[in-house]
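Just below is one structure, and these are the notes that go with it.
The values are calculated or read from the model by the stated rules, or taken from the named source; none is laboratory data. Given the structure is predicted, the values throughout are model-derived calculations rather than measurements. Positions of Cβ are generated from backbone atoms using ideal geometry, with glycine treated the same way; all protein chains shown enter the neighbour counts. The protein model used for the area step is the full one, side chains on, heavy atoms only, and it has no ligands, DNA or RNA in it. Shrake-Rupley method; radii C 1.70, N 1.55, O 1.52, S 1.80 Å.
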There are 2 protein chains.
Amino acid sequence: MPSIKHLECSRCGHTASASVPQNVCPQCAGSYYVRYDLSAAKGLAARDRVTVDYPRSTGMWRYREVLPEVTPVSLGEGWTPMLPSRRYGKVWVKEEGANPTGTFKARGMAMAISMAKHLGIRKVAAPSAGNAGGAMAAYAAAAGMEAHIFMPKDVPLSNQVECHIHGAHLTLVDGLISDCGRIVAERKDAEGWFDMSTLKEPYRIEGKKTMGYELVEQLGWRYPAAVFYPTGGGVGMIGMWKAFEEMEELGWVSGPRPKMIAVQAAGCAPITVAYEAGEKASVMYPNAQTFASGLRVPKPYGDYLILDIVRASGGTVVSRTDDQIFDALSDWGRNEGLLLSPEGASSMAAYDYLIETGFLKPDDEVVLFNTGSGNKYTDVISQRLGLG
Amino acid sequence: MPSIKHLECSRCGHTASASVPQNVCPQCAGSYYVRYDLSAAKGLAARDRVTVDYPRSTGMWRYREVLPEVTPVSLGEGWTPMLPSRRYGKVWVKEEGANPTGTFKARGMAMAISMAKHLGIRKVAAPSAGNAGGAMAAYAAAAGMEAHIFMPKDVPLSNQVECHIHGAHLTLVDGLISDCGRIVAERKDAEGWFDMSTLKEPYRIEGKKTMGYELVEQLGWRYPAAVFYPTGGGVGMIGMWKAFEEMEELGWVSGPRPKMIAVQAAGCAPITVAYEAGEKASVMYPNAQTFASGLRVPKPYGDYLILDIVRASGGTVVSRTDDQIFDALSDWGRNEGLLLSPEGASSMAAYDYLIETGFLKPDDEVVLFNTGSGNKYTDVISQRLGLG
């Protein structure tokens, strides 16, 4: 495992030590990136160790060459299936529902909780649109930590069950994730909580960046033409972009990076609005509402990073209505055998749209992220189906 | 991939051809085992191909040396995490919730649907306690087949949602899986359905046997002292035992086989009753009832095989009440970060019991199967928690 050089602010470049707990940059409140000395991982021999060493974890810890040196608090996260579509020749589905707790959030929390434990933290707190809270509850339980979670009161029932079963302290809030975030910010100092909010600590990105390593490895150390990513907080996309940067530094991959497609729900589309207006950051999206609860983030903390990445990659931002998203969920259920999450299904809806508009061609190789298992949305989907 | 020699009745030894669709033995109605020419897979060089060849699927198809030659209809099933307990030094959890459709049923259905497609079958039917039906719906959708599924009307909502989303024809029955099975048997000929009922076609065992290969490989090609298996239909246990037999023939593993522990719910314990009475088969369990819906199988078709295996292995049968099972589910949620299915939690409850009785010692290495993700039981668990 590589040594960490320092943490580096993603906005102003300020650096800080990684040997003590850190949240955001004290100068500009930007999110920190972890910067490593990656010299030992350079070249194809190091890359080969990832793929051929045995026994090696088949989870995300296979990428230990580029992850912080820490004892993993692991529940088996990562190395999820990359499934070929049965209908579209060059379409892959990255099936993140196979993770512990049923979503990609497990990757970020596995890493962040591992590091928090390493740094001696005993109490963690976070606002959540649902799945990050469930994942934090699970990993905190595995690490023997106290977890305090604040979620909108209308999150899927599965997310509430997770918090209860894992012994977390759950507060349901009559509001959105932004309201939950305010409560954490107000109470954390008095309570002695470490703030695990999205992009307010440096290691959730490090866990999620493994999606970028995996998709490139699973395609044979090649980039696809485009990556579709359902974008609530957007850390998955930010993490993957960091992975691509690292992999190029290491000589593990080359060629043009994929177009990054940020997908949002039409009922909560702050990035879409900012992108179309040519802005560098978003503003609070009014009356945010969508059944894709993970996309209900009215002002992502990392908006400036997401917008940068989309533009630098030559990608775009797409928002789809709940009806369009549910049509895609039904279509892929019936014709591909996948039970997507609503967030995941937004990728498929956006793909159809960008083929229709000609932004992408049918022979462009693309990876569509299904960020979570549809099994976490039984109540939401059964309502839409008119069951029960 | 090896060639199939023939199908062999597990009760009377009668053989039949595998080149046409087959259900059960026409002489005695016993279940068929698939018998292969395994000569090409003998020895450690062949075993090494499983572990070191790259690229090789990391799913259950990594065991192609011992599976039927067929084009897989795959959704990414198998090669699930083997997680060490955080509290008990020699306890492993085999986390089958990471499978597509969230349970181990995916393994059996992936193989059975692949073979059905290979043999030209277009319409499949099955009774189900819930998860097998959901898995059949998913794989049939992926294969472009028509699926007819019959389930008790009080199965978890997630199982109903799966059938609807995957376009299966679902009938909810006011009764148990045995009543559902009767309907399939009565209607299948007129409707042209191929009967995919548990142990009434030969290939679901072949998919599930990969759990046996995996657990041995994940322990470093060694047997544990005991394997705990939640036993409704019991095919997982039957499949694993067949795997152990094959692996020994191949020279891939040696030493005493694990004690096989069949775990049941006290509200539906036909195998427990038969085992304690010294019988070779079970009788219909009256008024079967348990919140572990997958264990609600009042007379397993393969009862004679399960009882044989438990006895041959020096194992035992344990049944636990719903309260004991839910206590184990809560305990592992709070202290290990796992959201077990109720069926899976019965393994943990049974482990505690067999340590208490002295049947096993704390330093015996054991594998506890969590057969599915707790996320499929949100409605059931939230009721128990008094939520919603």
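Which of rounded, prolate, oblate describes segment A:319-388, given a ≥ b ≥ c as roots of the alpha-carbon gyration tensor eigenvalues and a/c under 1.5 marking rounded, otherwise prolate only if a/b is larger than b/c? Here segment A:319-388 falls in the prolate category.
Calculate what fraction, in whole %, of the accessible area of segment A:3-66 sits on carbon and sulfur atoms when a 1.4 Å probe is rolled over the protein chains.
Working: 1470 of 3000 Å².
Ligands and nucleic acids excluded, carbon and sulfur reach 49 percent.
Reported to the nearest whole Å, the Cα centre-to-centre distance from segment A:318-381 to segment A:228-277 is 17. Computed over the Cα atoms of segment A:234-388, pair by distinct pair, the Kirkwood hydrodynamic radius stands at 16.4 angstrom. Stretched out straight at 0.36 nm per residue, the stretch from A:Cys28 to A:Thr357 would grow longer than its current Cα-Cα span by 114.5 nm. In this assembly, the B-A interface accounts for approximately 3700 Å² of buried accessible surface in total, computed with a 1.4 Å probe and without ligands, DNA or RNA. Within the protein assembly as shown, the percentage of alpha carbon pairs spaced more than 51 angstrom apart rounds to 10%.
Loop-located trypsin sites (Lys or Arg not before Pro) in segment B:121-156 (DSSP state not H, G, I, E or B) with no more than 16 neighbouring Cβ atoms inside 10 Å: B:Arg122, B:Lys153. Each residue was assigned an accessible area with a 1.4 Å probe, and for B:Arg296 the value is about 20 Å². Over chain B, the fraction of Cα-Cα pairs per 10 Å bin, rounded to whole percents and listed from the shortest bin up, is 5, 25, 36, 26, 7, 0. Distances, shortest first, from the label point of A:Glu356 to those at the same position in the other copies read 6.0 nm; the point lies 7 Å along Cα to C-beta. Report, in listed order, any pair from A:Lys90/B:Lys242; A:Lys117/A:Lys209; A:Lys5/A:Lys188; A:Lys117/B:Lys208 with a Cα-Cα distance greater than 30 Å. As for pairs spanning more than 30 Å Cα to Cα, those are A:Lys90/B:Lys242; A:Lys117/B:Lys208. Taking the inverse of the mean reciprocal distance over all distinct Cα pairs, the Kirkwood hydrodynamic radius of segment B:3-66 comes to 13.6 Å. Summary for B:Ser254: label point 7 Å along Cα→Cβ; distances to the equivalent points in the other copies, ascending, 5.0 nm. Annotation: lysines with alpha-carbon distance below 19 angstrom to A:Lys299 (same-chain offsets under eight excluded): A:Lys105, A:Lys153, A:Lys200, A:Lys280.
Max-minus-min Cα coordinates of segment B:1-109 on each principal axis give 50, 31, 28 Å, with the largest extent listed first.
Over segment A:105-195, what percent of the accessible surface lies on carbon and sulfur atoms, probe 1.4 Å? Spell out each step's value before the answer.
Working: 1290 of 2860 Å².
For segment A:105-195, the apolar C and S fraction of the accessible surface comes to 45 percent.
What separates the Cα centres of segment A:82-131 and segment B:152-202 is a distance of 34 Å. The charge dipole of the protein assembly as shown, taken about its Cα centre with unit charges on the Cβ of Lys, Arg, Asp and Glu (plus for the first two, minus for the last two), comes to roughly 740 debye. Within the full protein context, the accessible area of A:Met109 is estimated at about 0 Å² for a probe radius of 1.4 Å. If the cut-off is 13 Å between C-alpha atoms, which aspartates and glutamates fall inside it for A:Lys123, apart from same-chain ones fewer than 8 positions away? Those aspartates and glutamates meeting the cut-off are A:Glu146, A:Asp189, A:Glu191, A:Asp195. The Rg/Rh ratio for segment A:165-233, using Cα coordinates for both the radius of gyration and the Kirkwood hydrodynamic radius, is 1.12. Here each label is just a point 7 Å from Cα along the line to Cβ, and for B:Arg222 and B:Glu191 those points are 4.9 nm apart. Summarising the label geometry, the points placed 7 Å from Cα in the beta-carbon direction at A:Arg49 and B:Ile183 lie 5.8 nm from one another. At a probe radius of 1.4 angstrom, the accessible area of the protein assembly as shown per residue rounds to 33 square angstrom. Counting only heavy atoms of the protein chains and using a 1.4 Å probe, B:Glu279 has close to 100 Å² of accessible surface. Rounded to the nearest 500, the helix-only mean residue ellipticity at 222 nm of chain B stands at -11500 deg cm²/dmol, with each DSSP H run of n ≥ 4 adding -39,500 (n - 2.57). Among A:Leu67, A:Leu339, the sequence by solvent-accessible area, most first, with a 1.4 Å probe is A:Leu339, A:Leu67. A simple spin-label model places pseudo-atoms 7 Å from Cα toward Cβ; at B:Asp308 and A:Met1 they are separated by 4.9 nm. Of all DSSP bridge pairs formed entirely within chain A, close to 30 percent run antiparallel. Please compute the Kirkwood hydrodynamic radius of segment A:105-195 from all pairs of different C-alpha atoms, in Å with one decimal. Every distinct Cα pair counted, the radius reaches 12.7 Å. Taking B:Gly278 in one copy and the same position in all the others, each labelled 7 Å out along Cα→Cβ, what are the pairwise distances from the first, in nm, shortest first? Relative to the other copies, B:Gly278 has label-point distances of 9.0 nm.
Sorted by accessible area (1.4 Å probe), largest first, how do A:Lys200, A:Lys42 line up? Before the final figure, lay out each step's value.
On the way: A:Lys200 55, A:Lys42 110 Å².
My answer, sorted largest first, is A:Lys42, A:Lys200.
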